[in-house]
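The values are calculated or read from the model by the stated rules, or taken from the named source; none is laboratory data. Bear in mind that the values here come from a model prediction, so they are computed numbers and not experimental data. FYI the Cβ positions are ideal-geometry reconstructions off the backbone, even for glycines, and counts take in every protein chain you see.
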Amino acid sequence: MTDEVRIYVEEAPGQRREVVAPTDMALSVMEVLKASGYDIQATCGGMALCGTCHVEVLAGPALDEPGDDELAMLESLPVMTQGSRLSCQIRITNRLDGLVVRLMPQGT
Amino acid sequence: MTNSISTDICIIGAGPVGLFAVFEAGLLKLRCHVVDALPQVGGQLSEIYPKKPIYDIPGFPDILAGDLVQNLMRQIEPFHPTFTLGERVERLAKLEDGTFQLFTTDGTEIFCKAIAIAGGLGSFEPRKPAVESLETYEGGRGVYYMVRDPETFRDRRIVIAGGGDSALDWTIFLADVAKEVTLVHRGTTFRGAADSAEKVQKLHEAGRARLVLSSNVTHVHGQDSLEAVTITANDGTAETLPVDAFIPLFGLTPKLGPIGDWGLELEDDAVKVNTLDYSTSVPGIFAIGDINTYPGKLKLILCGFHEAALMAQGAYKYMFPDKRYVLKYTTVNGVPTL
Ligand SMILES: Cc1cc2nc3c(=O)[nH]c(=O)nc-3n(C[C@H](O)[C@H](O)[C@H](O)COP(=O)(O)OP(=O)(O)OC[C@H]3O[C@@H](n4cnc5c(N)ncnc54)[C@H](O)[C@@H]3O)c2cc1C
Ligand code: FES
């Protein structure tokens with residue numbers, strides 16, 4: 001088993017950038033995206049309190065259902081799609097290989 | 001009529017650091033006026049995490065963020081600071097004598113001898129739904145992103161949008177004030193306070209408020225002011241409703257905002273300071289707390305408090321270059337009052 005996975009960020013329709021993420025550091029997708037230079041505020045530091053790490057999951061493996069705190073925050077945002085998630089609430093594990101996400105515009 | 005205020009230090013931002021700066025300035029007998037874009041004091045502590053315990057405030061093994069804000073307010077009482085809340089500082093000008101004039105969004109003018117920017121992550125701005133021409137009706141013409149004075153909506157027809165606590169709470173409150181209240185929520189369930197969701201459901205059943213689920217406000221219409229909104233259901237059906245006010249309540253998100261345009265030297269959206277006294281590149285303007293940056297910066301309340309103490313000394317020296325200040329401990333002299 002490898003100790004890294006590949007996730008993809010759709011920067012424009014059909015244009016995806018690969019991000020390699022370690023699985024042995026208990027990081028969240030938000031932390032990995034931030035470390036990869038994406039402009040994510042993550043004001044609350046990953047506590048599902050601010051909504052500034054909102055992403056849309058476009059494809060890839062099935063994820064665990066969002067928890068109550070995550071759903072409550074997502075529901076309070078102006079835009080919520082079928083794939084809406086808080087990237088700070090998704091832990092990087094081996095199961096995540098191939099995940100494709102799109103960053104939601106700041107403020108949504 | 002323009003509201004005009006005159007003070008020694010104008011503190012921009014009523015977060016924990018701005019509030020503690022009032023105390024440190026007060027010890028030096030400097031008067032403070034505090035401005036914040038939010039309608040309440042406390043910055044991130046009140047806006048994002050009022051019910052969360054904080055463990056790294058000296059002397060408090062744990063304290064709820066909201067309680068820390070209350071304690072800070074008590075601590076600064078003896079200095080009688082004045083406040084302008086719910087207004088953002090937009091612009092500032094340095095006058096010929098080295099003093100400053102600040103202008104807020106609502107036309108308040110503040111004259112002061114020094115400025116302490118304690119703007120944190122910037123001012124909290126409402127998250128706006130993507131509805132075309134929404135901004136046409138901002139500024140009192142029918143679209144409101146927060147309820148400052150419920151009386152604004154007395155006997156009016158209003159549509160509230162959102163699924164969080166504040167959308168529910170204001171629907172309940174305004175049902176008694178407004179002529180008609182409609183709550184539009186994109187989902188079918190409400191998380192958060194179950195009790196509030198139940199109350200809204202009961203108001204709906206009693207015909208005192210209307211609840212429209214699985215829908216969004218998609219269009220706004222009107223000439224000079226808002227006259228109607230179109231609500232579109234997830235299945236595509238739409239209705240246009242005559243209204244006097246539309247209140248989208250989707251929470252707030254921090255933005256650096258106008259601070260970035262004041263000619264201060266910046267680095268990564270933060271204001272560069274000299275750690276000697278937390279002065280910025282413009283003499284007389286200081287920056288403390290999360291808004292500033294310097295080598296080794298930590299965005300912690302504790303560090304902001306330390307910066308506030310040094311800033312107050314620096315501001316004193318800027319205002320009174322010829323006076324010598326001798327540090328006195330509050331344990332020896334007690335807390336002086338203004
Ligand atoms: C979830 C969470 C947990 C945290 N836990 C801790 C912890 O345990 N310990 C700790 O030390 N720190 C913690 N922090 C960090 C801490 O909250 C910040 O360091 C602190 O709030 C900074 O205070 P501040 O006064 O500088 O800014 P803020 O609290 O951000 O306040 C700034 C204020 O300035 C106002 N403002 C900005 N621009 C303008 C303008 N132009 N006009 C008018 N008003 C303006 C804003 O509206 C805001 O109210 C936490 C942060 C978060 C999000
Ligand atoms: S970082 Fe705040 S909700 Fe994810």
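Taking (1) buried (at least 21 other Cβ atoms within 10 Å of the Cβ); (2) closer than 25 Å to residue B:314 by Cβ; (3) not β-branched (Val, Ile, Thr) in turn, residue B:73 satisfies each apart from (1). Only one of these conditions is not met by residue A:49: (1) surrounded by 15 or more Cβ atoms within 10 Å (Cβ to Cβ); (2) farther than 21 Å from residue B:167 by Cβ. Which number is it? Condition (2) is where residue A:49 drops out.
For the range A:77-108, a residue qualifies if it is part of a loop (DSSP other than H, G, I, E, B) and either touching a residue at least 60 places away in the same chain (Cβ under 8 Å) or closer than 26 Å to residue A:25 by Cβ (or both), and the qualifying residues are A:83, A:90, A:92, A:93, A:97, A:98, A:99, A:104, A:106.
For (1) in a strand (DSSP E or B); (2) within 14 Å of another protein chain (Cβ to nearest Cβ); (3) modelled with pLDDT of 95 or more, each residue gets a yes or a no:
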{"site": "B:5", "(1), (2), (3)": "yes, no, yes"}
{"site": "B:24", "(1), (2), (3)": "no, no, yes"}
{"site": "B:29", "(1), (2), (3)": "no, no, no"}
{"site": "B:68", "(1), (2), (3)": "no, no, yes"}
{"site": "B:76", "(1), (2), (3)": "no, no, yes"}
{"site": "B:87", "(1), (2), (3)": "no, no, no"}
{"site": "B:101", "(1), (2), (3)": "yes, no, yes"}
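Of all residues in the range A:70-86 being within 16 Å of ligand 1 (Cβ to nearest atom) and either crowded, with 22+ Cβ neighbours inside 10 Å or of a type in the set (S, T, N, Q) (or both), which is farthest from the other protein chains (Cβ to nearest Cβ)? Explain how you work it out, then say what you get.
Keep residues of the range A:70-86 that are within 16 Å of ligand 1 (Cβ to nearest atom), which gives A:70, A:72-73, A:76, A:86.
Next, only the ones that are either crowded, with 22+ Cβ neighbours inside 10 Å or of a type in the set (S, T, N, Q) (or both) stay: A:73, A:76, A:86.
On the way: A:73: 8, A:76: 3, A:86: 13 Å.
Within the range A:70-86, the match that is farthest from the other protein chains (Cβ to nearest Cβ) is A:86.
What residue, of A:57, A:20, A:32, is within 13 Å of ligand 2 (Cβ to nearest atom), more than 26 Å from residue B:53 (Cα to Cα) and not in a loop (DSSP other than H, G, I, E, B)? So that I can check it myself, show each step before the final result.
Values: A:57 fails: within 13 Å of ligand 2 (Cβ to nearest atom); A:20 fails: within 13 Å of ligand 2 (Cβ to nearest atom).
Of the residues listed, the single one that is within 13 Å of ligand 2 (Cβ to nearest atom), more than 26 Å from residue B:53 (Cα to Cα) and not in a loop (DSSP other than H, G, I, E, B) is A:32.
Among the listed residues B:41, B:143, which satisfies the condition of being closer than 30 Å to residue B:174 by Cβ, surrounded by 14 or more Cβ atoms within 10 Å (Cβ to Cβ) and more than 14 Å from chain A (Cβ to nearest Cβ)? Step by step, each of B:41, B:143 is checked, and only B:41 is closer than 30 Å to residue B:174 by Cβ, surrounded by 14 or more Cβ atoms within 10 Å (Cβ to Cβ) and more than 14 Å from chain A (Cβ to nearest Cβ).
Per-residue answers, yes or no, for (1) assigned by TED's automatic domain parsing to the domain that holds residue B:293; (2) within 30 Å of residue B:7 (Cβ to Cβ); (3) in contact with a strand residue (DSSP E or B) (Cβ under 7 Å, 6 or more places away or on another chain):
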| residue | (1), (2), (3) |
| --- | --- |
| B:142 | no, no, yes |
| B:151 | no, yes, no |
| B:157 | no, no, yes |
| B:203 | no, no, no |
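Among the residues of the range B:171-193, is any touching a helix residue (DSSP H, G or I) at 6+ places or on another chain (Cβ under 9 Å), basic (Lys, Arg), within 14 Å of another protein chain (Cβ to nearest Cβ) and under 23 Å from residue A:73 (Cβ atoms)? Checked the range B:171-193: at least one residue is touching a helix residue (DSSP H, G or I) at 6+ places or on another chain (Cβ under 9 Å), basic (Lys, Arg), within 14 Å of another protein chain (Cβ to nearest Cβ) and under 23 Å from residue A:73 (Cβ atoms).
Within the range B:194-226, the residues that satisfy the criterion of being assigned to a strand (DSSP E or B) and closer than 17 Å to residue A:78 by Cβ are B:212, B:215, B:216, B:217, B:218, B:219, B:220. Hey, does the range B:201-211 have a residue that's within 14 Å of chain A (Cβ to nearest Cβ), without any contact (Cβ under 8 Å) to a residue 40 or more places away in the chain and more than 19 Å from residue B:146 (Cα to Cα)? Taking every residue of the range B:201-211 in turn, none turns out to be within 14 Å of chain A (Cβ to nearest Cβ), without any contact (Cβ under 8 Å) to a residue 40 or more places away in the chain and more than 19 Å from residue B:146 (Cα to Cα).
When residues in the range B:235-288 are screened for being more than 14 Å from chain A (Cβ to nearest Cβ), within 13 Å of ligand 1 (Cβ to nearest atom), more than 27 Å from residue B:144 (Cα to Cα) and of a type outside the set (A, V, I, L, M, F, W, C), 1 of them pass.
Would you please name the residue that is modelled with the lowest pLDDT, looking only at residues in the range B:42-62 that are among the β-branched types (Val, Ile, Thr) and within 6 Å of ligand 1 (Cβ to nearest atom)? Full working, then the answer.
Residues of the range B:42-62 that are among the β-branched types (Val, Ile, Thr), as a first pass: B:48, B:54, B:57.
Next, only the ones that are within 6 Å of ligand 1 (Cβ to nearest atom) stay: B:48, B:54.
Working: B:48: 87, B:54: 93.
Taking the candidates together, the pick is B:48.
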